[in-house]
1. Taking the conditions exactly as written (within 14 Å of chain B (Cβ to nearest Cβ) and under 29 Å from residue A:451 (Cβ atoms)), does residue A:332 satisfy them or not?
2. Restricting attention to segment B:227-238, and to residues there that are crowded, with 21+ Cβ neighbours inside 10 Å and more than 10 Å from chain A (Cβ to nearest Cβ), which single residue is nearest to the chain's Cα centre (by Cα)?
3. All but one of (1) more than 30 Å from residue A:451 (Cβ to Cβ); (2) modelled with pLDDT under 80; (3) buried (at least 17 other Cβ atoms within 10 Å of the Cβ) hold for residue A:169, so report the exception by its number.
4. Given (1) surrounded by fewer than 17 Cβ atoms within 10 Å (Cβ to Cβ); (2) at pLDDT below 85; (3) outside the structural domain of residue A:99 (by TED's automatic domain parsing), where does residue A:84 come up short, assuming only one miss?
5. Output the number of the condition that residue B:161 fails; it satisfies all remaining conditions of (1) closer than 30 Å to residue B:25 by Cβ; (2) assigned to a loop (DSSP other than H, G, I, E, B).
6. Just give me the residues in segment B:80-117 being under 25 Å from residue B:178 (Cα atoms) and surrounded by fewer than 18 Cβ atoms within 10 Å (Cβ to Cβ), in sequence order.
7. Of A:187, A:197, A:152, which residue is more than 14 Å from every other protein chain (Cβ to nearest Cβ), touching a strand residue (DSSP E or B) at 6+ places or on another chain (Cβ under 8 Å) and assigned to a helix (DSSP H, G or I)?
8. Do we find that residue A:269 is more than 14 Å from chain B (Cβ to nearest Cβ), more than 13 Å from residue A:454 (Cβ to Cβ) and surrounded by fewer than 10 Cβ atoms within 10 Å (Cβ to Cβ) in this structure?
């Protein structure tokens, strides 16, 4: 491949990964590359980043694609060279022992270069998945990590860090971070080897994850959830800024005849400027009813946090959580409360919301209607969050229809893709016939929806 | 003309450092590219990481003058580009009397003399090297972005009565944004993008010591350590570089020789501006004290 081919392939891959890279930006990147030296890979990366990535959340995707198209090294590199197939079986107990020793040392000293070299070697030695023919062999980060199992080095690493004079909590945290780093390095290197084998287009299409604001709630890993949590407040702030702007634009209400005529006296009876009555902002009272059982708990938490972060846009917000019983959690969200504490209290409330521990929408809805009959009135809007998977129990459709009928508006947010609605024990179709069901799978969709209802 | 800003990324890093702004590699490279490609530079990042300071440092290090346009909601053409000095025009019409034809007067009152230039136009018309800082561009309305487009891509301004004013010397344009609103694709496409984030501990220490030279080395190490830990907590507003520097100044003013837990707790208000954040930090520090 020529350099230009690589560049074009790279830009194409970025586009298919969801970054909007225009032709002009591609040209910018080329003229930027003309101005810098190419001997340093990071320089090339920074030049590309400055010209092509215009939104910080996309940076992660960009880095992953960049690593595939502009790999650190080709093949096993220096560290992996002695792992040539001529050696016979590269994966021996002795080798594993040696590698783990070296890894423990590198982790203890925090030497990035050594860790990177070891990651390369780990994939070369333990991650090979021989295929039946050329192009069928592959590399697995999972196998490498299973064999090397860096997590087992945790205790040793913590001890080492404690000896260096760190306190325990910090040692734990540092150790966790370094091992996480090594895991990422191994994953990255496996991607690089696969890209070498099968061509970068294949890998870019398969392994690159979507950006955090487009990532499905249900597909999120633990680390993703933490990152999403950090995104909630900026998202709320952006929404609030947008709302104020839109309200300002619509502030002019109907003509105030009295003030206009009065003002016209100064100009001899000619109404030069018109005066308007300010529009009265309409604020809805929101009642959120959310399923907090394991499968959709994180989705419910994000929605609750976003709704409460925007509380001043609503007349009032009441929140209830349920699994098969209903519990009110409005008090948890005191103004200015600490995010981490709120999350802890929310998880604690789950145990109150569960009697038998199996999601039962029908039961939860009935209990809600019985215990909080005053919650829903003609001025309030009902928002139900959940996947509608009710373990084949009674659905209490009339109860929901009654609740929706009493409320001003009613919506149902479903974190599943519409093609899964009504499959298995999902009652999304039946509920969807009673209240409008909205697909809400990622932060972007959530933000859009909340903006709509405000 | 292209070499008038920086000759290489290393040169950019060196000269910015001499101007009191410590960069990392990506920042230096992007600053160099912005000068070399003559493209505007869009800088995004949390508040207080030195976005505005970058523009000032570029101006200082290259001996250019800084022209600043502070954006706010309701900013319009008359305050960003140019305005006709209509009071003076009125005087001119009254003074001309009856002996002058209207067509002459008309030509007369739309000249340089009656033009009030605002930041964007004055940055373009200057002959000396200029750094144009468009601060907090996300605070403006969408219409102002349209106004910026002509300036940013062609460095020219069209005044209907006078014609098009082109830049004789392209300014180094820096736009800063807090990302409170998504900028339009059209603006982003014309810019180079740089995301400034919190620096690593080493660079932060260097920044603190360079900004507050009086601070004791040991205290600086401890301070950066605490700030890094605070950023790891889930806070509403994580402390930024500006806050670390403020804190360092506070500690110098209080003549603190050792940053122990009590001093941290007492001066926490300098770095954390939310009551709940402070409570949370104190809780974490108590944990530390109990051990």
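1. yes
2. Among those that are crowded, with 21+ Cβ neighbours inside 10 Å and more than 10 Å from chain A (Cβ to nearest Cβ), it is B:227.
3. (3)
4. Residue A:84 satisfies all of (1) surrounded by fewer than 17 Cβ atoms within 10 Å (Cβ to Cβ); (2) at pLDDT below 85; (3) outside the structural domain of residue A:99 (by TED's automatic domain parsing) except (3).
5. With (1) closer than 30 Å to residue B:25 by Cβ; (2) assigned to a loop (DSSP other than H, G, I, E, B) applied to residue B:161, the lone miss is (1).
6. Hits for segment B:80-117: nothing passes.
7. A:197
8. Taking the combined requirement at face value, the residue satisfies it.
The values are calculated or read from the model by the stated rules, or taken from the named source; none is laboratory data. All values derive from a computational prediction rather than experimental measurement. Cβ coordinates were reconstructed from backbone atoms using ideal geometry, including for glycine residues, and neighbour counts include every protein chain displayed.
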